[in-house]
Amino acid sequence: MSEVHHAITAHSKKQHAIVKRFIELDQKREMYIEEAVSLCQNGKPFSVERINEVTKLINELSKTGIVPQRKYVTIEMVQQYVKKLKGEEGTVQ
């Protein structure tokens, strides 16, 4: 019985570590996205390279089936999002 308990505990710890790593990476990804959006809004050059490096790590973790995948981000996606934000800011309700 003790062996089963140890196996379950080890499995649980492994899953917890995967979820914790996912949360860390997802927060980093969001930070990089916010940075790219801010640069784009201010007409400055930006890159999605760091976003997608983190996305790749997240998607590797997702192969465990425990955490979700994330989409890769393109420059066009950031530009479209900024245009959408500007459109929403321009409307008064």
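General observations
- Maximal additional length on extending the residue 2-residue 53 stretch stands at 14.2 nm, based on 0.36 nm per residue less the C-alpha distance.
- Tilt relative to the chain, helix 2-41 - C-alpha long axis, 0 to 90 degrees, to 10: 10
- Here the sum of -39500 (n - 2.57) over DSSP H runs of 4 or more residues, divided by the residues of the chain, equals -26500 deg cm²/dmol at 222 nm, to the nearest 500.
- Between the Cα long axis of helix 75-90 and the first principal axis of the chain there is an angle of about 60°, rounded to the nearest 10.
- Relative to the longest principal axis of the Cα atoms of the chain, the long axis of helix 49-62 makes an angle of roughly 30 degrees.
- Put simply, the amide H of residue 67, placed in the peptide plane, has no neighbours under 5 Å, leaving out anything fewer than 5 places away on its chain.
- Among 49, 76, 30, the largest mean-square fluctuation in a Gaussian network model of the chain, built with springs joining Cα atoms closer than 10 Å, belongs to 76.
- Partner aspartates and glutamates for residue 28 [C-alpha distance under 14 Å; skip if fewer than 8 residues away on the same chain]: 49, 53
- Residue (of 40, 22, 7) at the positive-pole extreme of the stretch 2-90, dipole from beta-carbon charges: 7
- Note on residue 41 and residue 27: the extension gain reaches 2.9 nm, defined as 0.36 nm multiplied by sequence separation minus the Cα-Cα distance.
- Distance between modelled label sites at residue 10 and residue 72, nm, 7 Å Cα→Cβ extension: 3.6
- For peptides 65-74, 8-17, 51-60, sequence by mean Cβ density within 10 Å, most packed first: 51-60, 65-74, 8-17
Computed from the coordinates by the stated procedures, all read-outs in this text should not be read as laboratory data. Because the structure is a prediction, the values reported are computed rather than measured. Every residue, glycine as well, gets a Cβ built from its backbone with ideal geometry; the counts of neighbours run over all protein chains shown.
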